[in-house]
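K.L.:
This is the structure I want to talk about, given as structure tokens.
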Amino acid sequence: MGTSTRQASPFLSTFPGRYYYDPAIYAQEQECIFSRMWVYGGVANSLPKPGDYRVLQIASESVIVVRNKQGALQAFLNVCRHRGARLCSAASGHLNGSIQCHYHAWTYGLDGRLIGAPNVLNRPDFERALYGLHPVALEVWQGMIWLNLSNNPPSLREQLDDPRVHDFGSNGAIERYCIANLNVGKTMVYEVQANWKLIMENTLECYHCGPMHPELCALLPQYKTGLIDGNDGTEFADNVEAFTITGEASRPPLPGLLPEDHRRYAGYFGMPNVFLNLLSDHVAIDWLEPLGPASTRVTSEWLFDPDAMASPDFDPMDAVDILDLVNRQDWEVCELAQQGVTSKAFAQGGNYAPLEHHIRDFVDYILEKLES
Ligand code: FES
Ligand SMILES: [Fe+2]
């Protein structure tokens, strides 16, 4: 009788289940990844005027990003130097020249210096220079804000030079889209009841695109196969003019693109928390803020050419609606996946099918960071 030889398994394992819900692992990730790496924090043009600010959650810290009076962006811990009260409670807004604490009215300039403290500011024994807001390192690259909680971080360039950290157009694509010149036409914020890594993993594969994203596959037929684009992007269907809910173009292409950019979608990811969607007439950036082991805030910013936005009939919604639809489909399945990870059936983790194999690189990167 013949013997049968078992084939090597075509599967690779995911993280074990506890990596998606254990508070101790979550805390370790916040310490080893989000407190040490440069973390994406929105486009610079979302804060166009002095005094414009937004508040971000990075690891266990609340961080204020504000444009100062000189027009530069700065970031500070959102904590009063008197007795620690939260300074800015809203997610974003505009400050009229200073940041004032509600509690005892200590006041800080937009550059973080203490400029007001009732009864004590002018005491000779009060060294006000020691009581400015704690700065957070901030760099702007390609119009995108990056923040780092470390006291002496390496440069952002050093992080971006590691090819495992991102796949931002090694073909020069990202430069052609000139993100720094685009303005925000729409922002949406989602709270997803799923671990941030489930969202990253979901975005890193298109095995789910056929079953989950019929509207997306109508625009990008290759996605029906589950194959994701390489660095050159994915072609539109023959009858599709633009990446919009109708498939029709309602804006001219972005200046600076190559003719071949006009009919394709290019998606890039950057560790630890950002995805870029580069389209012919807009750019959409999705980014994550982990809020807890099973909760993640996702912000999507849709960016357009300022000339197109100045047109009286400018309407971003045909671009917004398609990605918003895809986003909501994604969040639904990420939340379903979260509901399974605590089961004993998932204690050892699941399996990546061959089309998802590359996600294992993400897993290995995270595991390496957790040991560092
Ligand atoms: S805690 Fe902010 S002024 Fe007292
Ligand atoms: Fe998806």
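The values are calculated or read from the model by the stated rules, or taken from the named source; none is laboratory data. What you see is a predicted model, and the numbers here were worked out from it, not measured in a lab. FYI the Cβ positions are ideal-geometry reconstructions off the backbone, even for glycines, and counts take in every protein chain you see.
K.L.:
Just to be sure I understand the filter: pairs with C-beta atoms under 9 Å, separated by 6 or more residues or on different chains, first member in the stretch 323-336 and basic (Lys, Arg), second member modelled with pLDDT of 95 or more. Which pairs pass?
P.N.:
Every condition considered, the pairs that remain are Arg328/Tyr190.
K.L.:
Scanning for something assigned to a helix (DSSP H, G or I), surrounded by fewer than 17 Cβ atoms within 10 Å (Cβ to Cβ) and modelled with pLDDT of 95 or more, does the stretch 49-63 turn up at least one residue?
P.N.:
no
K.L.:
Need a quick list: strands (runs of 3 or more DSSP E) entirely within the stretch 267-339 having at least 1 residues that are within 16 Å of ligand 1 (Cβ to nearest atom).
P.N.:
none
K.L.:
A further question follows. When the residues of the stretch 99-122 are narrowed to those that are within 13 Å of ligand 1 (Cβ to nearest atom) and small (Gly, Ala, Ser), which ends up nearest to Glu61 (Cα to Cα)?
P.N.:
Once the filter is applied, the top-ranked residue is Ala105.
K.L.:
Of all residues in the stretch 187-215, which are in contact with a Gly (Cβ under 9 Å, 6 or more places away or on another chain) and over 22 Å from Phe34 (Cα atoms)?
P.N.:
Within the stretch 187-215, Thr187, Glu205, Cys206, Tyr207, His208, Cys209, Gly210 meet the criteria.
K.L.:
May I ask you to list pairs of residues, at least six apart or on different chains, whose Cβ atoms are under 9 Å apart, with the first in the stretch 246-262 being at positive phi and exposed (fewer than 13 other Cβ atoms within 10 Å of the Cβ) and the second being at pLDDT 95 or above and of a type in the set (S, T, N, Q)?
P.N.:
Going by the 9 Å Cβ cut-off, the qualifying pairs are Gly256/Asn181.
K.L.:
What residue, among those in the stretch 207-230 that are at pLDDT below 95 and in a loop (DSSP other than H, G, I, E, B), is surrounded by the fewest Cβ atoms within 10 Å (Cβ to Cβ)?
P.N.:
Ranking the candidates gives Gly230 first.
K.L.:
Another question, if that's okay. Working only within the stretch 340-372, note down all residues that are of a type outside the set (D, E, K, R) and assigned to a helix (DSSP H, G or I).
P.N.:
Of everything in the stretch 340-372, those that are of a type outside the set (D, E, K, R) and assigned to a helix (DSSP H, G or I) turn out to be Gly340, Ala345, Phe346, Pro354, Leu355, Ile359, Phe362, Val363, Tyr365, Ile366, Leu367, Leu370.
K.L.:
Please go through the stretch 123-155 and pick out each residue that is within 16 Å of ligand 1 (Cβ to nearest atom) and assigned to a loop (DSSP other than H, G, I, E, B).
P.N.:
Hits for the stretch 123-155 are Arg123, Phe126, Gly132, Leu133, His134.
K.L.:
Just name the residue that is nearest to ligand 2 (Cβ to nearest atom) out of those in the stretch 184-206 that are assigned to a loop (DSSP other than H, G, I, E, B) and not charged (D, E, K, R).
P.N.:
Cys206
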